[in-house]
1. Expressed in nm to one decimal, what extension gain is obtained for the pair residue 81 and residue 228 from 0.36 nm per residue of sequence separation less their Cα-Cα distance?
2. Of the listed peptides 19-25, 287-293, what is their order by residue-averaged count of other C-beta atoms within 10 Å, with the highest listed first?
3. Given an 8 Å cut-off on Cα distances and at least 6 residues of separation, report the relative contact order of the chain as a percent.
4. At 1.4 Å probe radius, can you tell me the per residue accessible area of the chain in Å²?
5. What does the charge count near residue 32 come to, summing +1 for each Lys or Arg and -1 for each Asp or Glu among other residues with Cβ under 10 Å from its Cβ?
6. Which parts of region 268-294 would a label at residue 19 reach, counting a residue when its backbone N lies under 11 Å from a point 7 Å out along Cα-to-Cβ?
7. Net charge near residue 191: determine it from the other residues with C-beta under 10 Å of the C-beta of residue 191, scoring Lys and Arg +1 and Asp and Glu -1.
8. If the viscosity is 0.692 mPa s and the temperature 37 °C, what translational diffusion coefficient in µm²/s does Stokes-Einstein give for region 196-343 when Rh comes from Kirkwood over Cα pairs?
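The values are calculated or read from the model by the stated rules, or taken from the named source; none is laboratory data. Given the structure is predicted, the values throughout are model-derived calculations rather than measurements. So basically every Cβ, Gly included, is an ideal-geometry build from the backbone, and we count neighbours across all protein chains shown. Side chains are part of the model used for accessible areas, which takes the heavy atoms of the whole protein and leaves out ligands, DNA and RNA. Shrake-Rupley method; radii C 1.70, N 1.55, O 1.52, S 1.80 Å.
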Amino acid sequence: AANKDSAEAKKDTLPKAKFISKPLVTTIYTADPSAHVFNGKVYVYPSHDIDTGTPENDNGDHFNMKDFHVLSMDSVGAPVLDNGEALNIKDIPWAGRQLWAPDAAYEKGTYYLYFPVKDKSDIFRIGVATSKSPVGPFKAEPKPIEGSFSIDPCVFKDTDGSYYMYFGGIWGGQLQRWATGKYSGPNGSKTDLQKDDAPALTAKVAKLSPNMLGFAETAKDVVILDENGKPLLGKDHDRRFFEGSWMYKYNNKYYFTYSTGDTHLLCYATGTSPYGPFTYKGVILKPVQGWTTHHSIVEIKGKWYLFYHDTELSGKTHLRNVKVTELKYRPDGSIETIDEFVK
Ligand code: FUB
């Protein structure tokens, strides 16, 4: 209730920007929406933003989340239900702080919730929790996924039934600390490689093991190429990967979609294998209100939708709200760029 009151009080003091869509829920703050259709119903797995008074910094310490709530709806536009707490940080035995953007998957009667959280040494790892219900409660495994690091897991089921996890995020997401393949400690670059003319850091991908609880292989680089077939460079802030991976298939092509972070764009790149390489294609969503931008893309009843977040309710970058809008393709498979502000 405290969240609701403060969200609605703040809303009245904000300038009246016109947005193309409305927050899916207004009773809690939500972000980083990973949407899925399970058994014909739409489930959204978001971060649950709260205000713990932690000062804002480039490491994202102000994103100090402590639990997850799953949202559900019969279809896009239908009433949205907040199904209550699905997992709390205190029930993750290895967790320290900051429960960031999750994703979910369903396989053989079990729902899997994948989440990044800092361990007790303040290093981001990715964990997994299971439930017989899509809305939880989920039970966390006793340890993080072996070989996992950084943030923002996205779990993709390919048409042959194989599952892959895409993950990683630079700056506060700590991906740059793993540039050599091993953890380099907190004292290296605080942002990225800091080499403008070298290939940019990439997201990572690993096939999941058949039990869905681990990696079947060492994570590989998700390389994004420019129009000349060369990897995007560190200085290419409008196109290089920052965080928020998503993967899906459309017309037999793999679409790797992501956020450029400090330039606030959601972009896409396409390829012919789940491992890439992917070729940069363009912008999906122009900058939203708020510093972060994070999304998922899913087909629901024959239409494609972009789930994303902004800060319409609070005006504060760490108190976000999830939204949905339709995504449209041109006949050649390219995506029409969305601007969240009404012209
Ligand atoms: O919600 C915390 C972080 O903010 C996510 O992990 C990033 O993708 C950004 O949205």
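1. On the way: separation 147, 0.36 × 147 = 52.92 nm, distance 4.65 nm.
The span from residue 81 to residue 228 would gain 48.3 nm if fully extended.
2. Working: 19-25: 17.0, 287-293: 21.1.
Highest-to-lowest ranking by the protection proxy: 287-293, 19-25.
3. Numbers: 909 pairs, mean separation 54.7, N = 343.
Worked out over the chain, it gives 16 percent.
4. Details: 14450 Å² over 343 residues.
Heavy-atom accessible area per residue stands at 42 Å².
5. Values: positive: 320; negative: 49, 103, 152, 243.
Once positives and negatives cancel, what remains is -3.
6. 288-290
7. Working: positive: 190; negative: 58, 192, 262.
Taking every other residue near residue 191 into account, the sum is -2.
8. Details: Rh = 16.2 Å.
Reported coefficient: 203 µm²/s.
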